[in-house]
Amino acid sequence: MPARIIDGRAVAQALRAQYRARVEALEKKHGVTPGLAVILVGDNPASELYVRNKIRACGEVGIRSELVRLPNDISEARLLGEVDRLNADPSTHGILVQLPLPPHITMRRVLERIAVDKDVDGFHLYNVGGLITGSTIFPPCTPYGVQKLLEHERVEVAGKNVVVVGASNIVGKPMALMLMQRDATVCICHKLTRDLAQFTILADILVVAAGVPNLIVPQMVRTGAVVIDVGINRLPDGRIVGDVDFEGVRQKASLITPVPGGVGPMTVTMLLHNTLRSAERRVGILEEPSLASPAA
């Protein structure tokens, strides 16, 4: 029997409805509207698209958004000054610097300039380091979205063999750390891994974020595995595909995410979540409200 498809769009929409209710409650009880500032440097078409999607999503749940457009030749000092301004603005609860940045800008210096309690992308060293101890304030959005999908589908993680293909700082490494915090046995593979199939075939849960179209084919997947495809690749004919041979692997897996429509919508949704949590923390709401599963 083919795998059941995990509908990331539906899960994201259900979560956003819950977040909107929390935004309204925050405004009513505390007079606070969560605010997200997005810094966009230059005119990269892909970045423009991503930023538009994020701002549109903010509007869906009632989060105030501010787009800070800066020229491609901006000095690093001026860019850091913009970050400092937003750090000091009490109405801004989250700051996101859209990547990539121009080559003359030191990305790490900019990301670490963002205040830890406004780092809603989860890229600051404090938040990344907190993944090891389980004390991060804001988890990075894409791995957090994967975690939420697994929770929604009631996939048990503790004690399971998990293989993460891809070792980036944005997805692979934090994903592995988050799953280890939930008592999974995690193996990280990457582009230099020899005989990748000998690792992937052992996975109860396979998370693929390598950026290589159709890297994972059916013979590399254990029957009944849960397959999460984080990859987004545009083929020469214009089609968008993931890192997994979807139709082939679907015949062996028990659950699988499509591309598009799987992890992607959850990434933006977790950005909304982190921004809302930042605003809630600002007024003293430190515990995460209990959210019923969208499937309940």
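Bear in mind that the values in this text are calculations on the coordinates, not laboratory data. The shown structure was predicted, so the numbers you read here are calculated from the model rather than taken from an experiment. Glycine also receives a Cβ, built like all others from the backbone with ideal geometry; neighbour counts cover every protein chain displayed.
If each residue's Cβ is checked for other Cβ atoms within 10 Å, how do PHE123, PHE138 rank with the fewest at the top?
So the residues, fewest neighbours to most, are PHE123, PHE138.
Using Cα-Cα distances under 8 Å and only pairs 6 or more residues apart, what relative contact order does the stretch 223-294 have, in percent?
After rounding, I find 29 percent.
Using a Debye calculation, one point per C-alpha and no hydration shell, please list log10 I(q)/I(0) for the stretch 1-153 at q = 0.10, 0.12, 0.13, 0.14 Å⁻¹ in order.
The Cα Debye sum returns log10 ratios of -0.41, -0.59, -0.69, -0.79.
Name the shape class, rounded, prolate or oblate, that the alpha-carbon gyration tensor gives for the stretch 166-254, where a ≥ b ≥ c are the square roots of its eigenvalues, rounded holds for a/c under 1.5, and otherwise prolate holds if a/b is larger than b/c and oblate otherwise.
Since a/c reaches 1.5 but b/c is at least a/b, the shape of the stretch 166-254 is classed as oblate.
Quote the relative contact order of the stretch 1-119 in percent (integer), defining contacts as alpha-carbon pairs under 8 Å separated by 6+ residues.
It rounds to 29 percent for the stretch 1-119.
Between THR269, THR142, THR193, find the one with the highest GNM mean-square fluctuation for the chain; connect C-alpha pairs within less than 10 Å.
Looking only at THR269, THR142, THR193, the biggest GNM fluctuation is shown by THR193.
Cα-Cα pairs above 18 Å in the stretch 30-115: how many percent?
Percent of Cα pairs beyond 18 Å in the stretch 30-115: 42.
Regarding the chain, what are the three Cα extents along the principal axes, ordered largest first, in Å?
Each principal axis gives a Cα extent; for the chain these are 53, 45, 37 Å.
Place the peptides 38-48, 197-207 in order of packing, highest mean first, counting for every residue the other Cβ atoms within 10 Å and averaging per peptide.
Ranking, from highest mean packing down: 197-207, 38-48.
By average Cβ neighbour count within 10 Å, what is the ranking of 94-106, 256-268, 232-244 from highest down?
256-268, 94-106, 232-244
Using only alpha carbons, build the gyration tensor for the stretch 114-211 and give me the equivalent ellipsoid semi-axes, biggest first, whole Å.
23, 16, 11
Report, by chain and number, residues whose modeled amide H sits under 5 Å from the one on VAL165, excluding near sequence neighbours (fewer than 5 apart, same chain).
Long-range HN contacts for VAL165: CYS189, VAL207, VAL208, ALA209.
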